[in-house]
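Shown next, in structure tokens, is the structure this report addresses.
Since every read-out is calculated from the coordinates, none of them should be taken as a lab result. If you're wondering where the values come from, they're calculated on a predicted model, not measured in any experiment. Note that each Cβ is placed from the backbone with ideal geometry, even for glycine, and that neighbours are counted across all protein chains shown.
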Amino acid sequence: MLNVSRPHVIKLLEKGEIPHKKVGSHGRILLQDILKYEANFKSDRRKKLDYLAKNAQQIDMGYE
């Protein structure tokens, strides 16, 4: 769903960026938590891209 590798998802879980529950040796993630993480990630990415585009225009890097 997130189009990332399994090790990356595990790192996100270990960092606490996506809440989860351990059942035995397996982790369980709620769909709503994945969707919330994805929405936050896309929002942050959009803010950062807008910032970069604004700065590129201010220093006249040739982008229109």
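For segment 3-15, the Karplus equation 6.51 cos²θ - 1.76 cosθ + 1.60, evaluated at θ = phi - 60°, returns couplings of 6, 10, 6, 4, x, 5, 4, 4, 4, 4, 5, 5, 6 Hz by residue, with Gly and Pro reported as x. At q = 0.13, 0.22 Å⁻¹ the log10 of I(q)/I(0) for the chain amounts to -0.51, -0.90, computed by Debye summation with a single uniform scatterer per C-alpha, solvent ignored.
Taking the Cβ of each residue in Asp33, Asp50, Asp60 as the centre, tally the other Cβ atoms inside 10 Å and list the residues starting with the fewest. Walk me through the numbers on the way to the answer.
On the way: Asp33 14, Asp50 10, Asp60 7.
Result, fewest neighbours first: Asp60, Asp50, Asp33.
Each residue of segment 43-52 was assigned a 3J(HN,Hα) from its phi angle through the Karplus expression (A = 6.51, B = -1.76, C = 1.60, θ = phi - 60°), giving 5, 4, 4, 4, 4, 5, 5, 4, 4, 5 Hz with x at Gly and Pro.
Cross-linked pairs Lys15/Lys48; Lys11/Lys36; Lys22/Lys47; Lys15/Lys47: Cα-Cα separations exceed 25 Å for Lys22/Lys47.
Of the chymotrypsin sites (Phe, Trp or Tyr not before Pro) found in the chain, the ones in coil according to DSSP and having at most 13 other Cβ atoms within 10 Å of their Cβ are Tyr63.
Calculated FRET efficiency, Arg6 to Ser43, Cβ-Cβ distance, R0 = 30 Å: about 0.80 to the nearest 0.05.
Could you tell me the distance between the Cα centroids of segment 1-17 and segment 28-46, to the nearest Å? Centre-to-centre (Cα) distance: 11 Å.
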